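K.L.:
Structure in structure tokens, see below.
The values are calculated or read from the model by the stated rules, or taken from the named source; none is laboratory data. Keep in mind that this is a model prediction, so the values were computed, not measured. Methodologically, a virtual Cβ is constructed for each residue, glycine included, from the backbone with ideal geometry; neighbour enumeration extends over all protein chains shown.
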Amino acid sequence: METTKKIAIVTGAGSGVGKAAALALLKDGYHVALAGRRVEPLQAVADESGAGARALAVSTDVSDPASVKALFDTVVKTFGRVDVLFNNAGVNAPGILLEDLTLEQWKNVVDINLTGMFLCIQAAFRVMKEQSPCGGRIINNGSISATAPRPNSIAYTATKHAVEGLTKTASLDGRKYDIAVGQIDIGNAATDMAMRMAKGVPQANGEIAIEPLMDVNIVGQSVLYMANLPLEANVLFHTVMATKMPFVGRG
């Protein structure tokens with residue numbers, strides 16, 4: 001295998017931030033496994049990239065341990081190793097009152113955003129510590145919600161706060177294997193999930209306000225920057241946000 005070949009896995013790669021990151025990595029020459037529950041959008045991203053055999057669509061449910069193991073097994077069998085994991089897959093619950101959120105809605109968010117991220121970190125550790133040369137990089141998608149909540153977002157916010165704990169602990173535990181773990185916190189990238197911001201969303205003071213958005217490809221470039229660092233350096237936390245969004249300050 002060529003020593004210059006760089007192998008990445010991107011979860012939730014069929015749309016939004018995951019798609020932008022996968023395309024940025026592929027454009028930079030990476031071999032990328034695009035993971036997500038539905039293979040059709042993954043294959044569409046692979047086709048759009050024009051990367052041919054460097055793009056591999058793999059149907060994956062990150063909340064299922066067997067599915068996560070199958071993903072990593074497939075990538076190692078196909079490409080030989082894993083250098084980068086962008087741990088991006090995530091969902092939200094309906095923006096309803098805290099007291100009306102069902103247990104099933106809560107569990108769905110926790111299973112994907114938190115347990116799914118843990119399972120992918122664990123699988124990456126198992127591969128990265130045994131490969132030669134050992135090591136690699138894991139980038140977790142945190143969100144601005146890892147720091148500050150929005151109204152009616154307890155499930156999403158709780159899991160994103162927890163991602164910070166995953167990042168710090170995995171960063172510490174990965175040192176002995178040359179595994180660097182960092183987190184990207186994204187604010188108002190123009191994706192399908194965030195387009196509601198352009199129509200107006202509830203603020204902490206009860207008002208409804210339109211919020212600025214930024215090009216999602218800016219996030220893709222941020223992920224690429226983090227991925228391309230030498231393993232002797234790590235961006236532990238990286239915040240990229242629409243400059244004028246309501247995050248810094250009071251409101």
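K.L.:
Select from the range 34-43 the residues that are crowded, with 24+ Cβ neighbours inside 10 Å and either over 12 Å from Asn87 (Cα atoms) or polar (S, T, N, Q) (or both) and list them in ascending order.
P.N.:
Hit for the range 34-43 is Leu42, nothing else.
K.L.:
Taking interchain pairs and intrachain pairs at least six residues apart, which have beta carbon atoms under 7 angstrom, with the first residue in the range 204-226 and surrounded by 15 or more Cβ atoms within 10 Å (Cβ to Cβ) and the second among the aromatic types (Phe, Trp, Tyr)?
P.N.:
Val223/Phe86
K.L.:
Kindly list the number of the only condition in (1) within 21 Å of the chain's Cα centre (by Cα); (2) modelled with pLDDT of 90 or more that fails for Tyr177.
P.N.:
(1)
K.L.:
The conditions are (1) under 21 Å from Ala170 (Cβ atoms); (2) surrounded by 22 or more Cβ atoms within 10 Å (Cβ to Cβ), and Glu130 fails exactly one of them. Which is it?
P.N.:
The one condition Glu130 does not meet is (2).
K.L.:
I've got another one for you. If you go through the range 72-115 one residue at a time, how many are of a type in the set (A, V, I, L, M, F, W, C) and in contact with a strand residue (DSSP E or B) (Cβ under 8 Å, 6 or more places away or on another chain)? Talk me through it step by step, then tell me what you get.
P.N.:
Filtering the range 72-115 for residues of a type in the set (A, V, I, L, M, F, W, C) gives 72, 75-76, 79, 82, 84-86, 89, 91, 93, 96-98, 101, 103, 106, 109-110, 112, 114.
From the residues that got through so far, the ones that are in contact with a strand residue (DSSP E or B) (Cβ under 8 Å, 6 or more places away or on another chain) too are 72, 75, 79, 82, 84-86, 89.
So the count comes out to 8.
K.L.:
Follow-up question, since we're still on this one. Could you check Gly165 against (1) part of a helix (DSSP H, G or I); (2) crowded, with 18+ Cβ neighbours inside 10 Å and say which number it fails?
P.N.:
(2) is the only condition that Gly165 fails.
K.L.:
Something else about it: Could you check Ser49 against (1) out of contact with any helix residue (DSSP H, G or I) (no Cβ under 7 Å at 6 or more places or on another chain); (2) surrounded by fewer than 20 Cβ atoms within 10 Å (Cβ to Cβ) and say which number it fails?
P.N.:
(1)
K.L.:
Here is a check on your reading of the model: is Thr4 part of a loop (DSSP other than H, G, I, E, B), surrounded by fewer than 24 Cβ atoms within 10 Å (Cβ to Cβ), over 18 Å from the mean Cα position of the chain (by Cα) and of a type in the set (S, T, N, Q)? So that I can check it myself, show each step before the final result.
P.N.:
Working: part of a loop (DSSP other than H, G, I, E, B): yes; surrounded by fewer than 24 Cβ atoms within 10 Å (Cβ to Cβ): yes; over 18 Å from the mean Cα position of the chain (by Cα): yes; of a type in the set (S, T, N, Q): yes.
Here the answer is yes, as Thr4 does meet what is asked.
K.L.:
Further question: Output yes when any residue across the range 116-127 is within 30 Å of Gln203 (Cβ to Cβ) and either without any contact (Cβ under 8 Å) to a residue 40 or more places away in the chain or of a type outside the set (Val, Ile, Thr) (or both), and no when none is.
P.N.:
So the first thing to find is which residues in the range 116-127 are within 30 Å of Gln203 (Cβ to Cβ), and the list is 116-117.
Subset that is either without any contact (Cβ under 8 Å) to a residue 40 or more places away in the chain or of a type outside the set (Val, Ile, Thr) (or both): 116-117.
Yes, because at least one residue in the range 116-127 is within 30 Å of Gln203 (Cβ to Cβ) and either without any contact (Cβ under 8 Å) to a residue 40 or more places away in the chain or of a type outside the set (Val, Ile, Thr) (or both).
K.L.:
Among the residues of the range 168-193, which ones are of a type in the set (A, V, I, L, M, F, W, C) and not in a strand (DSSP E or B)?
P.N.:
At the first step, the residues of the range 168-193 found to be of a type in the set (A, V, I, L, M, F, W, C) are 170, 172, 179-181, 184, 186, 189-190, 193.
The answer is Ala170, Leu172, Ala190, Met193.
K.L.:
Filter the range 195-215 down to residues that are outside any loop (DSSP other than H, G, I, E, B) and either in contact with a Lys or Arg (Cβ under 9 Å, 6 or more places away or on another chain) or of a type in the set (Val, Ile, Thr) (or both) and give me whichever is farthest from Leu172 (Cα to Cα).
P.N.:
Checking each candidate, the answer is Ile208.
K.L.:
While we're here: Consider the range 216-251. How many of its residues are farther than 30 Å from Thr4 by Cβ, part of a loop (DSSP other than H, G, I, E, B) and within 19 Å of the chain's Cα centre (by Cα)?
P.N.:
Selection size over the range 216-251: 1.
K.L.:
If you check Ala57 against the conditions, is it outside any helix (DSSP H, G or I), modelled with pLDDT of 95 or more and small (Gly, Ala, Ser)?
P.N.:
Yes, satisfied.
K.L.:
Let me ask something else. Thr157 - would you say it is in contact with a helix residue (DSSP H, G or I) (Cβ under 9 Å, 6 or more places away or on another chain), among the hydroxyl-bearing types (Ser, Thr, Tyr) and in a helix (DSSP H, G or I)?
P.N.:
Working: in contact with a helix residue (DSSP H, G or I) (Cβ under 9 Å, 6 or more places away or on another chain): yes; among the hydroxyl-bearing types (Ser, Thr, Tyr): yes; in a helix (DSSP H, G or I): yes.
Judged against the criteria, Thr157 is a match.
K.L.:
Same structure again: State the number of residues belonging to the range 7-44 that are in a strand (DSSP E or B) and under 12 Å from Leu224 (Cβ atoms).
P.N.:
Keep residues of the range 7-44 that are in a strand (DSSP E or B), which gives 7-11, 31-36.
Narrowing the set further to residues that are under 12 Å from Leu224 (Cβ atoms) leaves 8, 10, 32.
Number of matching residues: 3.
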